[in-house]
Amino acid sequence: MYNLEASILSVCYLTGSVAFITGLKMLAHPDTARRGNQVAAGGMLIAIIATLVLYRSGGTHLHNYVWIAAALAIGAVIGTTAARKVQMTAMPELVSIFNGMGGLCAALISVIEFEHMAQASPVLHSLIIIAGLVIGSVSFSGSMVAYGKLSGKVKDHTFRGQHSFNLIVLALVLFGIVYLLCRNPGMPGSFVFYTLLALSVSYGVFFVLPIGGADMPVVISLLNACTGVATACGGFLYQNPVMLTGGILVGSAGMILTIIMCKAMNRSLTNVLVGSFGG
Amino acid sequence: MSTLLNFIHDNLDMFYIVILSIFLGIEVISQVPSVLHTPLMSGANAIHGVIIIGAIIAIGETAPDNYPALIIGFLAVVVGTLNVVGGFVVTDRMLEMFKKRKPTTTKTSHNV
């Protein structure tokens, strides 16, 4: 019985992965784009329902179904309403918000898993959790700033030495990661972990803030790819093939799309990202 | 070093998925016309919402009396659902809008 359920779950994940690949392929052609979106959505639905019904860890089903159902209902209602009501011109802003939500989701998963993590966890297990946290929160705060810029709520903001300042914040983030991975079991971890969370969130803000408002589509595409990578970290963490396929697929497709978008504007990605520092 | 090698060996199928998916992602969208840049980005955005499965597992494995973790997990599932549902619906609306246009207006590119 147990094996049967596990096999059905695997087949559902396989179906989901194939649907994501097919859907993305169809999305890239004008005639099939809308159908492609539906195919991907169908794959997602299968993967989610299969997880809810069939997933088992250590022989026991998932619990807290009331919490899960309530959260799913709230998210679905708000998501559908927002996507239906939004003005056509404000759609990119909404995409940016949704992207940020995905990043936040990845970061929150890392927070929960960090609390569950035993002191003696393997280094690479910790690395996956921390990578999910950092990439997810950078993507979250970056997307929120990108949303603010597109909607005109946040102005372009540069100050002298911003480039160096960003590099210092990035160096602090890397230092925090190395500390968490190399610390001895007795050394404090939680404080550094939450400092790292705060640093990553601020790095996302500082990273997007100086970039010109007109370049936001490129930045959103880049952050989209980032969230894809954060999702893939989650896939590694739970050994979940559909999360891994979906995440890496979006990560690489998003990265290529970012470069294509830059080319369409006759600019290089570096130019978009650091171009504003000169003036 | 041996830790890393062991890790790669134990998760070999995962690494194959990663490497093949990278090439697949590049291959699948390499011929996209500029008018589809924004919908494609939006659709890809909805697909990475598959992170919600991780959120469901995380909250589903939490002890029923561990309220801080439950609240964080609850929030994770809500924002994950927003990403998935909102992402697919907004992409559908974008593409619906495209359908009405004539193919001659494909030069508008991604004026997002």
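The values are calculated or read from the model by the stated rules, or taken from the named source; none is laboratory data. Keep in mind it's a predicted model, so treat the numbers as computed, not measured. Here the Cβ positions follow ideal geometry from the backbone for every residue, glycine too, while neighbour counts run over all protein chains shown.
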Working only within segment A:94-124, note down all residues that are surrounded by fewer than 24 Cβ atoms within 10 Å (Cβ to Cβ) and more than 9 Å from chain B (Cβ to nearest Cβ). A:Phe114, A:Met117, A:Ala118, A:Gln119, A:Ala120, A:Ser121
All-but-one check, B:Val32 against (1) at the interface with chain A (Cβ under 7 Å from one of its Cβ atoms); (2) part of a helix (DSSP H, G or I); (3) aliphatic (A, V, I, L, M), failing number (2)
Of all residues in segment A:150-201, how many are of a type in the set (D, E, K, R) and surrounded by fewer than 11 Cβ atoms within 10 Å (Cβ to Cβ)? 3
Please work out which one of (1) more than 19 Å from the chain's Cα centre (by Cα); (2) part of a helix (DSSP H, G or I); (3) more than 8 Å from chain B (Cβ to nearest Cβ); (4) not basic (Lys, Arg) is the condition A:Ser17 fails and give its number. (1)
In segment A:259-274, what count of residues is obtained for those that are within 9 Å of another protein chain (Cβ to nearest Cβ) and in contact (Cβ under 8 Å) with a residue 12 or more places away in the chain? 2
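Quick test for you: out of A:Thr15, A:Thr60, A:Thr51, pick the one residue that is farther than 29 Å from A:Val219 by Cβ and buried (at least 22 other Cβ atoms within 10 Å of the Cβ).
The conditions single out A:Thr51.
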Scan of segment A:33-87 for residues that are polar (S, T, N, Q) and under 30 Å from A:Leu150 (Cβ atoms), ordered by number: A:Asn37, A:Gln38, A:Thr80, A:Thr81, A:Gln87
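Look at B:His9 and say whether it is surrounded by 13 or more Cβ atoms within 10 Å (Cβ to Cβ) and either of a type in the set (Lys, Arg) or part of a helix (DSSP H, G or I) (or both). Outline the logic, then answer.
On the way: surrounded by 13 or more Cβ atoms within 10 Å (Cβ to Cβ): no; either of a type in the set (Lys, Arg) or part of a helix (DSSP H, G or I) (or both): yes.
It is false that B:His9 is surrounded by 13 or more Cβ atoms within 10 Å (Cβ to Cβ) and either of a type in the set (Lys, Arg) or part of a helix (DSSP H, G or I) (or both).
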Run A:Ser141 past the list (1) of a type in the set (S, T, N, Q); (2) closer than 29 Å to B:Pro64 by Cα; (3) surrounded by 19 or more Cβ atoms within 10 Å (Cβ to Cβ) and report the number of the one that doesn't hold. (2)
Members of segment A:46-85 found to be of a type in the set (Gly, Ala, Ser), facing chain B (nearest Cβ under 7 Å) and under 25 Å from A:Ser17 (Cβ atoms), listed by number: A:Ala47, A:Ser57, A:Ala71, A:Gly75, A:Ala76, A:Gly79, A:Ala83
Could you identify the single residue in A:Thr32, A:Thr89, A:Thr22 that is among the β-branched types (Val, Ile, Thr), under 24 Å from A:Leu222 (Cβ atoms) and surrounded by fewer than 19 Cβ atoms within 10 Å (Cβ to Cβ)? A:Thr89
If I filter segment A:233-243 down to residues being within 12 Å of the chain's Cα centre (by Cα) and facing another protein chain (nearest Cβ under 7 Å), which single residue comes out as surrounded by the most Cβ atoms within 10 Å (Cβ to Cβ)? A:Gly234
Can you spot a residue in segment B:58-77 that is under 14 Å from the mean Cα position of the chain (by Cα) and within 30 Å of A:Asn64 (Cα to Cα)? no
Please give the number of the condition B:Thr91 fails out of (1) more than 7 Å from chain A (Cβ to nearest Cβ); (2) under 21 Å from A:Ser221 (Cα atoms); (3) at pLDDT 90 or above. (1)
